[in-house]
Amino acid sequence: MTTASQLSFHVQLSDHARTAAEREQVLANPGFGQYFTDHMIAIDYTEERGWHDARLQPYAPLVLDPATAVFHYAQELFEGLKAYRQAGGSIVTFRPYANAARFNKSCRRMAMPELPEETFVESLELLVQTDREWVPTTEGHSLYLRPFVIATQVGLGVNYPSKSYRFMVIASPAASYFAGGIKPVSVWLSTEYTRAAPGGTGAAKCGGNYAAAFVAQRQAVEQGCDQVVWLDAVEHRFVEEMGGMNLFFVFGDKLLTPALTGTLLPGITRDSILTLAGDLGLEAVEGRISIEEWQAGCESGELTEVFACGTAAVVTPVGTVKGADRAWTVGDGTPGPVTMRIREELLGIQYGMRPDRHGWIHKIA
Ligand SMILES: *Cc1c(COP(=O)(O)O)cnc(C)c1O
């Protein structure tokens with residue numbers, strides 16, 4: 001097994017990096033995931049050599065044989081986290097070792113080789129340090145980091161997992177994920193499609209989960225909703241997640257989030273909120289909630305707020321819910337006070353305005 005100390009990065013700086021003026025133009029209106037910085041990280045893996053050829057190189061297209069395994073059998077997975085420019089000027093990430101650990105958990109599920117956690121984090125550090133000017137200074141903006149790994153073996157045989165892989169990290173300046181700020185989202189309850197079944201890949205951050213979800217996302221939009229809410233595969237009754245974000249249900253000062261049954265993605269934002277709730281004097285539990293309980297709770301007033309959470313969109317209120325045979329509003333449809341407190345606390349820690357009680361902030365530069 002290759003250890004971190006054996007891997008040193010070869011650095012090749014771009015000779016066509018964008019000028020300061022070009023960069024400022026992008027940073028003035030970055031959107032989400034549309035523009036990329038001047039460099040990227042790549043590390044190769046073969047069975048004989050383990051992880052090798054770690055490098056930082058100019059951002060560029062890949063040249064891959066059309067028979068490369070990833071194109072046919074989708075052996076691929078990814079991570080997502082952000083670099084923040086804090087009030088004092090330093091650049092930090094939030095819980096990068098949690099992403100490294102989840103990356104390796106996804107690797108095990110997808111029969112891919114694990115990457116030493118130190119190497120994962122060093123890759124992020126090197127890329128962000130090199131492209132530090134791309135970390136936005138605008139309040140609420142960040143540099144989104146996208147580590148991923150693909151199967152690179154050439155050939156169409158499916159008897160074995162690929163024998164070779166490439167790990168990469170790219171970076172993209174980001175404004176807020178949902179255009180229009182913290183407007184509550186409307187959600188569509190998908191009873192026709194299933195995101196993940198027991199024993200499947202629901203807990204792995206793999207592209208295939210997304211590929212299988214787009215048809216339901218399109219249906220949600222056709223129904224006039226912003227996002228899909230996924231239900232359990234067996235009864236189509238119990239809430240799982242939003243398919244890119246986890247969900248929290250607020251009953252006064254008590255929070256409930258669906259338990260990690262193996263069919264939903266273990267979000268790092270979700271995990272952080274379970275801890276932060278205690279700091280804010282809220283009780284937080286992992287459990288189970290059906291769509292009937294969700295509707296009844298809103299109608300009785302017991303269920304006061306619902307919010308979605310994830311790295312990209314932080315904490316986003318859910319305003320309205322629609323299913324094939326039902327529709328209702330959460331609270332009065334506007335962002336609730338508990339949702340906003342949690343959002344502000346989390347952003348406060350990430351941007352250095354609130355104390356980091358749990359050692360979540362990892363300084364990069
Ligand atoms: C990444 C992701 C999340 C959120 O995870 P965070 O670590 O909080 O960003 C939730 N659901 C799915 C399906 C995801 O891919």
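Bear in mind these aren't lab numbers, they're just calculated from the coordinates by the rules spelled out. Because the structure is predicted, anything quoted here is derived from the model rather than measured. We place every Cβ from the backbone using ideal geometry, glycine too, and count neighbours over all the protein chains shown.
Debye sum, Cα scatterers, region 217-283, no solvent: what log₁₀ I/I(0) at q = 0.15 1/Å? With no solvent term, the Cα-only Debye profile gives -0.56. With N counted as the residues of the chain, its alpha-carbon radius of gyration over 2.2 N^0.38 Å works out to 1.01.
A Förster distance of 45 Å, applied to the separation of the beta-carbon atoms of Phe78 and Glu302, puts the FRET efficiency at 0.75.
Suppose we flag trypsin sites (Lys or Arg not before Pro) only when DSSP calls them loop and at most 11 other Cβ atoms lie within 10 Å. Which is the longest uninterrupted stretch of the chain?
Here the longest segment lacking exposed loop sites spans 50-356.
In terms of other Cβ atoms within 10 Å, Met245, Met353, Met168, Met340 run from fewest to most in the order Met353, Met340, Met168, Met245. For the pair Arg55 and Tyr193, how long in nm is the line joining their label points, each one 7 Å along Cα→Cβ? Those two pseudo-labels are separated by 3.8 nm.
To the nearest 10 degrees, how steep is helix 96-109 against the longest Cα principal axis of the chain, on a 0 to 90 scale? Around 90 degrees separate the two axes. Put simply, the convex hull of the Cα atoms in region 1-139 casts, on average, a shadow of 10.1 nm².
Computed log10 I(q)/I(0) for region 185-350 at 0.15 Å⁻¹: -0.76, from the Debye equation with unit scatterers placed on every C-alpha and solvent omitted. Note: relative contact order over region 4-174, using C-alpha pairs below 8 Å and six or more positions apart, is 33 percent. Put the Cα centre of region 287-365 next to the Cα centre of region 1-64 and the gap is 34 Å. When +1 charges are put on Lys and Arg Cβ atoms and -1 charges on Asp and Glu Cβ atoms, the dipole computed for region 220-296 relative to its Cα centre reaches about 80 debye.
Put in line by how crowded their Cβ is, counting other Cβ atoms within 10 Å and starting with the fewest, Glu240, Glu118 read Glu118, Glu240.
Principal-axis analysis of the Cα atoms of the chain puts helix 117-130 at an angle of about 80° to the longest axis. Sorting Phe103, Phe71, Phe148 from the fewest to the most surrounding beta carbons within 10 angstrom yields Phe71, Phe148, Phe103.
Reducing region 126-147 and region 181-258 to their Cα centroids gives an inter-centroid distance of 29 Å.
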